[in-house]
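J.: Can you keep this structure in mind? I'll have questions shortly.
The values are calculated or read from the model by the stated rules, or taken from the named source; none is laboratory data. What you see is a predicted model; the values in this text were computed from it and never measured. Methodologically, a virtual Cβ is constructed for each residue, glycine included, from the backbone with ideal geometry; neighbour enumeration extends over all protein chains shown.
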Amino acid sequence: MDWAFQRRQTGNETALKRPIGFLYLGIGLLGCGGPGDPSNKTESPKAIESPAEAAYRDHLEKGRMLSQRAAETLNARLNASLQQGGTEGAVAFCSLKGLPLLDSLEEAHGVHFRRAAVRYRNPENRANAQEAEHIARYEAELAEGRALEPVVVETTGGKTLFFSPIVLAPNCTQCHGKEIEPAVMAQIKARYPEDRATGFDPGQIRGLWSLEL
């Protein structure tokens with residue numbers, strides 16, 4: 001698809017930035033009457049959204065909606081597991097039920113949906129090179145105090161992808177923080193021998209939502 005946007009080349013993808021501009025109607029249309037003639041009045045410019053702009057907006061809104069729904073669903077189930085089985089119960093939930101919840105969203109909305117991280121717990125969530133690049137970008141933006149915004153990109157292979165950062169919440173430090181109870185750590189190591197997802201502080205970039213729309 002030929003996106004009518006400013007482009008930033010990053011490896012094998014093109015970041016779809018803000019539209020270059022809008023087309024306006026009504027500019028320069030002057031009446032031929034005198035100052036008091038109603039026909040001399042000009043209407044306010046009306047912005048016209050191009051097909052490319054509409055497609056970008058639709059992809060961004062869909063990605064935001066789905067990633068927010070996934071986060072809310074997972075957090076609600078995770079909090080219920082914490083209340084019922086403590087931190088060890090939460091580890092079991094993430095191991096057994098986290099991915100199936102995302103699978104249900106994929107089936108309902110026709111997207112490829114996953115969480116990705118460089119410091120992953122489940123090897124299935126290991127970030128690929130493209131995802132790792134965006135995680136690094138979000139980490140740099142966070143360090144600079146910039147707003148963390150989702151982004152839609154188009155790959156050279158014609159795929160449309162949505163990325164949005166996952167920031168570690170305070171309650172997640174029980175399993176991902178710097179001080180983890182020995183019994184919880186033992187369960188993590190038993191379920192995830194390759195675990196790399198500890199030592200975080202609240203507010204750090206944990207990873208990102210990666211959607212193929």
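J.: From the residues in the stretch 133-159 that are at pLDDT below 95 and of a type in the set (Ser, Thr, Tyr), which one is farthest from ASP58 (Cα to Cα)?
T.: Here the answer is THR156.
J.: Could you run through the stretch 95-113 and say how many residues are of a type in the set (Gly, Ala, Ser), assigned to a loop (DSSP other than H, G, I, E, B) and at pLDDT below 80?
T.: As a first pass, look at the stretch 95-113 and keep what is of a type in the set (Gly, Ala, Ser): 95, 98, 104, 108, 110.
Among the residues that remain, those that are also assigned to a loop (DSSP other than H, G, I, E, B) are: 110.
From what is left, the residues that are at pLDDT below 80 are none.
Adding up the residues that qualify gives 0.
J.: Next question. Please verify whether the stretch 61-75 includes one or more residues that are at pLDDT below 85, farther than 17 Å from VAL151 by Cβ and buried (at least 17 other Cβ atoms within 10 Å of the Cβ).
T.: Pass one, the stretch 61-75, residues at pLDDT below 85: 73-75.
Those left that are additionally farther than 17 Å from VAL151 by Cβ: 73-75.
Restricting the remaining residues to those that are buried (at least 17 other Cβ atoms within 10 Å of the Cβ) gives 74.
There is at least one residue in the stretch 61-75 that is at pLDDT below 85, farther than 17 Å from VAL151 by Cβ and buried (at least 17 other Cβ atoms within 10 Å of the Cβ).
J.: What residue, of ALA136, ALA116, ALA92, is under 16 Å from ILE205 (Cα atoms), aliphatic (A, V, I, L, M) and in a helix (DSSP H, G or I)?
T.: That would be ALA136, the only listed residue that is under 16 Å from ILE205 (Cα atoms), aliphatic (A, V, I, L, M) and in a helix (DSSP H, G or I).
J.: Another question, then. Look at VAL91 and say whether it is surrounded by 13 or more Cβ atoms within 10 Å (Cβ to Cβ), more than 20 Å from ARG196 (Cβ to Cβ) and aliphatic (A, V, I, L, M).
T.: Values: surrounded by 13 or more Cβ atoms within 10 Å (Cβ to Cβ): yes; more than 20 Å from ARG196 (Cβ to Cβ): no; aliphatic (A, V, I, L, M): yes.
Judged against the criteria, VAL91 is not a match.
J.: Here is a further query. Look through the stretch 165-179, keep the residues that are free of Cβ contacts under 8 Å to residues at least 60 places away in the same chain and assigned to a loop (DSSP other than H, G, I, E, B), and return whichever of them is nearest to GLU53 (Cα to Cα). Working first, answer last.
T.: Kept after step one, since they are free of Cβ contacts under 8 Å to residues at least 60 places away in the same chain, are these residues of the stretch 165-179: 165, 167-168, 170, 172-173, 176-179.
When the remaining residues are screened for being assigned to a loop (DSSP other than H, G, I, E, B), the result is 168, 177-179.
Numbers: LEU168: 32, GLY177: 41, LYS178: 44, GLU179: 47 Å.
Here the residue is LEU168.
J.: Turning to a different aspect of this structure: Return the residues of the stretch 196-213 that are touching a helix residue (DSSP H, G or I) at 6+ places or on another chain (Cβ under 9 Å), modelled with pLDDT of 95 or more and in a loop (DSSP other than H, G, I, E, B); say none if nothing qualifies.
T.: Residues of the stretch 196-213 touching a helix residue (DSSP H, G or I) at 6+ places or on another chain (Cβ under 9 Å): 197-211, 213.
Next cut, modelled with pLDDT of 95 or more only: 197-211.
Those that are touching a helix residue (DSSP H, G or I) at 6+ places or on another chain (Cβ under 9 Å), modelled with pLDDT of 95 or more and in a loop (DSSP other than H, G, I, E, B): ALA197, THR198, GLY199, PHE200, ASP201, PRO202, GLY203, GLN204.
J.: Would you confirm, using the coordinates I've provided, whether GLN68 is within 14 Å of TRP209 (Cβ to Cβ) and either without any contact (Cβ under 8 Å) to a residue 24 or more places away in the chain or part of a loop (DSSP other than H, G, I, E, B) (or both)? Full working, then the answer.
T.: Working: within 14 Å of TRP209 (Cβ to Cβ): yes; either without any contact (Cβ under 8 Å) to a residue 24 or more places away in the chain or part of a loop (DSSP other than H, G, I, E, B) (or both): yes.
Yes; evaluated as a whole, the condition is true for this residue.
J.: Could you figure out which of (1) of a type in the set (A, V, I, L, M, F, W, C); (2) touching a residue at least 60 places away in the same chain (Cβ under 8 Å); (3) under 30 Å from GLY85 (Cβ atoms) isn't true of PHE162?
T.: (3)
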